[in-house]
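Quick notes on the structure that follows.
The values are calculated or read from the model by the stated rules, or taken from the named source; none is laboratory data. Fair warning: this is a prediction, and the values are worked out from it, not measured in the lab. With ideal geometry, Cβ positions are generated from the backbone for all residues, glycine too; neighbour counts draw on all protein chains shown. Heads up: the accessible areas ignore ligands, DNA and RNA and are worked out on the full protein's heavy atoms, side chains in. Shrake-Rupley method; radii C 1.70, N 1.55, O 1.52, S 1.80 Å.
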Amino acid sequence: MMKVLIVGDSLAGGLPHLSYPAVLAKMLPRYEIIARGLGGDTLAGISKRLELLLPKFNPDVAVIEAGSNDVMLPFMEAKGGKWKWLAERIERRGSVPASDAESFRELYSTTIEKTKRKVSQVVVTTISCLGEDLQNKFNKIKRHYDSVIREVADEHGV
């Protein structure tokens with residue numbers, strides 16, 4: 001049985017009946033789907049967790065779902081109050097957002113390189129829509145990060 005490890009933020013874990021790993025498990029019954037999402041996680045946190053999860057599960061395929069919190073956490077911090085408290089709490093555990101698209105690109109590239117050394121196939125996802133307004137400030141930044149993800153994926157053949 002092939003093992004698929006899905007690593008990312010809360011979207012990679014989700015609720016039992018409302019997550020794409022649960023849908024994949026139903027669609028692909030011959031695969032073992034291992035979902036390891038962590039709410040609030042950024043690419044930095046996901047990259048660190050991959051270093052621990054890959055040897056633990058020894059998957060055939062790794063799916064990396066990252067970026068939404070790299071976009072959202074700086075806005076949460078700037079908003080202040082409980083939002084700032086939550087963002088700081090998330091960052092203290094190692095989920096620090098990328099400072100800009102170029103640092104995101106560099107870390108994404110490094111993360112893919114490290115992952116490819118341990119698994120036969122790497123799959124990456126772009127960032128899900130952030131809110132319902134496709135034209136909001138978050139989705140404008142998201143689109144830029146999505147282009148970075150696509151470019152890095154092409155460079156690494158994933």
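Filter the range 1-22 for residues that are closer than 15 Å to Val123 by Cβ and open to solvent by 30 Å² or more (accessible area, probe 1.4 Å) and give the result. It would help to see each step written out before you state the result.
Within the range 1-22, the subset closer than 15 Å to Val123 by Cβ is 2-8, 11-12, 20-21.
Residues satisfying the conditions are Met2, Lys3, Leu11, Tyr20.
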Among the residues of the range 106-158, the number that are polar (S, T, N, Q), open to solvent by 90 Å² or more (accessible area, probe 1.4 Å) and closer than 22 Å to Pro21 by Cα is 2
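Being polar (S, T, N, Q) and modelled with pLDDT of 95 or more narrows it down to one of Ser109, Ser19, so name that one. Let's see the steps before the verdict.
Numbers: Ser19 fails: modelled with pLDDT of 95 or more.
Just one listed residue meets the conditions, Ser109.
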With the first residue restricted to the range 45-60 and required to be within 18 Å of Ala98 (Cβ to Cβ), and the second required to be open to solvent by less than 20 Å² (accessible area, probe 1.4 Å) and in a helix (DSSP H, G or I), Cβ contacts under 8 Å at 6 or more apart or on different chains are Ile46/Thr111; Ser47/Thr111; Leu50/Thr111; Leu50/Thr115
When Met76 is run through (1) within 30 Å of Lys140 (Cα to Cα); (2) in a helix (DSSP H, G or I); (3) modelled with pLDDT of 95 or more, the failure sits at (3)
Q) Out of all the residues in the range 15-28, is one or more in contact with a Pro (Cβ under 8 Å, 6 or more places away or on another chain) and over 23 Å from Gly157 (Cβ atoms)? A) yes
Apart from one, (1) at pLDDT 95 or above; (2) part of a helix (DSSP H, G or I); (3) not polar (S, T, N, Q) all hold for Phe138; the odd one out is (1)
